[in-house]
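First up is the structure itself, then whatever we jot down about it.
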Amino acid sequence: MKLSDKQIEVLDTEGHLLVIGGPGAGKTTISILKAAKVAASLKPSQEILFLSFARATISRVIEAIENEHDIPKAIKSRINVETYHSFFWRILQTHGYLLGLPRPLSILTPANDAIALSAIRSEYKADGKLSNAEKAEKKGKLHAERLRLARAEGRVCFDLFGSHVAELLERSTRLRQLIAARYPIVILDEFQDTNTDQWRVVQQLGLAGTLIALADPEQRIYDWIGADPARLDQFRATFKYNEIVLQGENHRSAGTEILLFGNDVLTGKFSKNMYLGIEIKTYPSNENEACTALVTQTYAARKRLVELEKKEWSLAILVPTKKMTRAVSDVFRNPLAKMQPIRHSAIVDLDAAILGAELVSFMLQPPSLFHLDGVIDLLCNYFHGKGGDSPTKSALQQAAGIRKAFGLYAEKKAAGKPLPKNSIIVPLLQTYEQLRAIALTGDPDQDWRSVRKIMENGPCIRLKEVAIEVKNLRLLERGTQLRQELSQDWRTFRRYENALNITRQAFVREHFATQSNPEIGVIVMNMHKAKGKQFDEVIIFEGWPRYVKKKIVANPDRIVRANLKDNIDDQARQNLRVSITRGKQRTTILTPQEDPCVIFM
Ligand SMILES: Nc1ncnc2c1ncn2[C@@H]1O[C@H](COP(=O)(O)OP(=O)(O)OP(=O)(O)O)[C@@H](O)[C@H]1O
């Protein structure tokens with residue numbers, strides 16, 4: 001790889017650095033090369049810290065490091081790529097007591113956070129129907145409860161990580177120095193998207209160590225969770241620094257006009273009718289034709305990529321919402337008649353699946369006095385937590401309904417009376433009895449599948465939902481730690497004595513694991529998740545309007561909310577630009593014929 005003059009300048013410049021460049025300008029690449037250069041002169045106890053937002057981004061950075069064949073292995077191992085979350089958690093575990101947090105601390109995972117806060121959330125109507133004062137009151141109550149859980153029970157949710165670590169570093173010069181002694185250089189990926197607490201931490205890290213901030217102000221897509229357009233200027237005002245702009249560089253899709261098109265999306269002024277590497281295709285606005293268009297385009301892209309005879313290729317299908325990620329994944333699994341299914345992986349939120357897995361694993365445990373009570377607790381947990389931080393009213397009502405029906409069951413049972421025939425506990429008990437009758441084998445994969453199948457095919461619709469949800473998990477595949485630990489549990493006790501605990505720990509570990517599979521083949525994800533990644537081809541597929549008597553009555557899953565001109569804002573434009581510029585060779589946009597994406601109109 002021949003580095004550009006500006007990239008070489010990054011290598012040669014010392015002190016705090018702000019590296020600015022558009023999509024594919026080579027910021028990540030040059031920061032890795034810089035890290036390798038500096039790592040060679042570090043003391044044995046020191047490492048370079050590369051901080052990123054999501055595990056998904058980390059896997060690409062790790063992959064990029066692996067791909068730099070000129071960097072010796074020993075040097076690569078000195079670059080520690082981590083999420084803000086996992087870095088913060090390490091500090092909190094060891095020093096949180098200084099803030100009055102108890103010991104030991106445990107993580108309140110997003111799903112369990114949702115469960116813990118569901119009682120407060122169920123006091124309020126949906127967010128859209130709340131006044132500003134009610135919203136503020138709800139936010140205050142949620143925050144107070146999270147603080148209470150941290151201080152009284154030592155259960156800390158992700159939302160509190162940043163502010164607690166910031167407070168620790170602001171109050172302790174010694175701690176700052178210790179961290180800087182271990183990590184003399186900290187690289188900040190996607191710096192434009194740091195939120196207020198992360199920025200507070202970064203300021204402290206910069207007091208004692210050296211920062212390399214990588215940023216593209218126009219890829220800022222996290223305003224809704226605290227990113228701030230003023231962040232780059234705050235960096236400029238806080239530190240004595242050098243700024244290097246990788247102006248006009250585009251190594252990702254060189255030879256195409258993908259970046260030019262992405263930039264034109266930002267301004268809304270389209271300089272050309274056709275752009276090399278960009279295809280905008282329309283489909284008739286109905287489900288069948290939308291899905292057929294998507295599947296056909298995916299086949300065609302896949303064919304093009306296979307014909308290149310590269311060892312590995314990647315094709316991303318990017319959609320505007322999480323809901324649509326699942327819908328596309330379902331369509332690929334079961335396309336319309338006569339079309340071949342498409343092998344793919346889908347990046348979906350796993351909150352619900354993880355809670356479901358807790359229930360499946362608990363079913364593996366031997367019967368105990370209160371086993372059924374435990375099942376009910378976990379099933380209620382599932383409904384409380386499955387919607388993450390925006391649970392639906394109906395899910396909360398499901399949980400309340402199960403709890404109430406189980407209370408009645410316990411009463412009747414104690415009085416020796418039968419349950420009402422229409423009680424939701426009746427089918428649940430039937431499935432439960434079938435589950436209890438399984439002869440477990442000690443092969444966790446097989447036993448897990450037996451439990452899941454009975455739940456899916458049994459008469460209880462609630463357990464069936466859980467079983468279907470759990471299919472999204474791949475944690476029991478050959479060689480996984482969860483599988484090994486469950487096997488060990490069986491070998492020790494001749495039963496799965498600790499299945500629930502083992503499963504819970506596996507998910508916490510998984511959350512912090514940095515190694516995730518490189519993204520190859522067909523991958524479906526929502527547009528936000530594509531940040532920081534790249535693929536050989538990208539297909540952006542948005543939803544279509546629903547008509548009644550030729551009038552649009554709903555317009556979900558659009559790039560711009562409801563596809564209304566008034567809703568076009570910087571966030572929508574930047575988000576679309578990020579998605580468009582993930583493609584190396586080609587980006588195809590699929591939009592409905594009768595109501596195409598307003599950004600292009
Ligand atoms: N000087 C170079 N010559 C050739 N290829 C390069 C060069 N610098 C980077 N690349 C390649 O270009 C692609 C994009 O680079 P990189 O991911 O570093 O960009 P980025 O600025 O971090 O992008 P984004 O902000 O969009 O995530 C990568 O495949 C990388 O290997």
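Derivation of every value follows stated rules applied to the coordinates shown; laboratory data play no part. All values derive from a computational prediction rather than experimental measurement. Cβ atoms come from the backbone with ideal geometry, glycine included; neighbour counts cover every protein chain shown.
Key figures
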{"read-out": "Net charge of Cβ neighbours under 14 Å - reference PRO44; Lys, Arg +1; Asp, Glu -1", "value": "+2"}
{"read-out": "About the Cα centre, charge dipole magnitude for the chain (Lys/Arg +1, Asp/Glu -1 at Cβ), debye", "value": "1240"}
{"read-out": "Peptides 359-366, 41-48 ordered by average Cβ neighbours within 10 Å, highest first", "value": "359-366, 41-48"}
{"read-out": "Hz values of 3J(HN,Hα) by residue in the stretch 68-81 - Karplus curve (6.51, -1.76, 1.60), Gly and Pro given as x", "value": "7, 5, 7, 8, x, 4, 4, 6, 4, 5, 8, 9, 9, 8"}
{"read-out": "Positive dipole terminus of the chain, leading residue within VAL548, LEU372, ALA136 (C-beta point charges)", "value": "LEU372"}
{"read-out": "Cα centroid separation - the stretch 416-484 against the stretch 234-260, whole Å", "value": "52"}
{"read-out": "Amide H partners (placed H, <5 Å) of LEU17, local residues excluded", "value": "LEU211, ILE212, ALA213, ASN242"}
{"read-out": "Farthest positive-ward along the chain dipole, Cα basis, beta-carbon charges - from LEU211, THR581, LEU3", "value": "THR581"}
{"read-out": "Share, in percent, of DSSP beta bridges within the chain that are antiparallel, nearest 5", "value": "5"}
{"read-out": "ILE540 long-range amide H proximity, modeled H, under 5 Å", "value": "LEU318, THR588, ILE589, LEU590"}
{"read-out": "Local net charge near CYS157, Cβ-Cβ under 12 Å (Lys/Arg +1, Asp/Glu -1)", "value": "-2"}
{"read-out": "Under Karplus coefficients 6.51, -1.76 and 1.60, residue-wise ³J(HN,Hα) of the stretch 116-131 in Hz, glycine/proline x", "value": "5, 9, 5, 5, 5, 4, 6, 6, 10, 6, 4, 3, x, 9, 9, 6"}
{"read-out": "Placed amide H near TRP313: partners under 5 Å, 5+ positions off or other chain", "value": "GLY521"}
{"read-out": "Options LEU42, ASN250, THR94, ranked by Cα towards positive dipole end of the chain, top entry (Cβ charges)", "value": "THR94"}
{"read-out": "Part-to-part distance (alpha-carbon centres) for the stretch 563-585 and the stretch 306-385, which is given in Å", "value": "27"}
{"read-out": "Residue-wise HN-Hα coupling along the stretch 228-236, computed from phi with Karplus coefficients 6.51, -1.76, 1.60 (Hz; x: Gly, Pro)", "value": "9, x, 7, 4, 5, 5, 5, 4, 4"}
{"read-out": "CD proxy at 222 nm, helix term only [per DSSP H run n ≥ 4: -39500 (n - 2.57); per residue of the chain; nearest 500]", "value": "-15500 deg cm²/dmol"}
{"read-out": "Three-way shape call for the stretch 350-512 based on the alpha-carbon gyration tensor, with the a/c threshold at 1.5", "value": "oblate"}
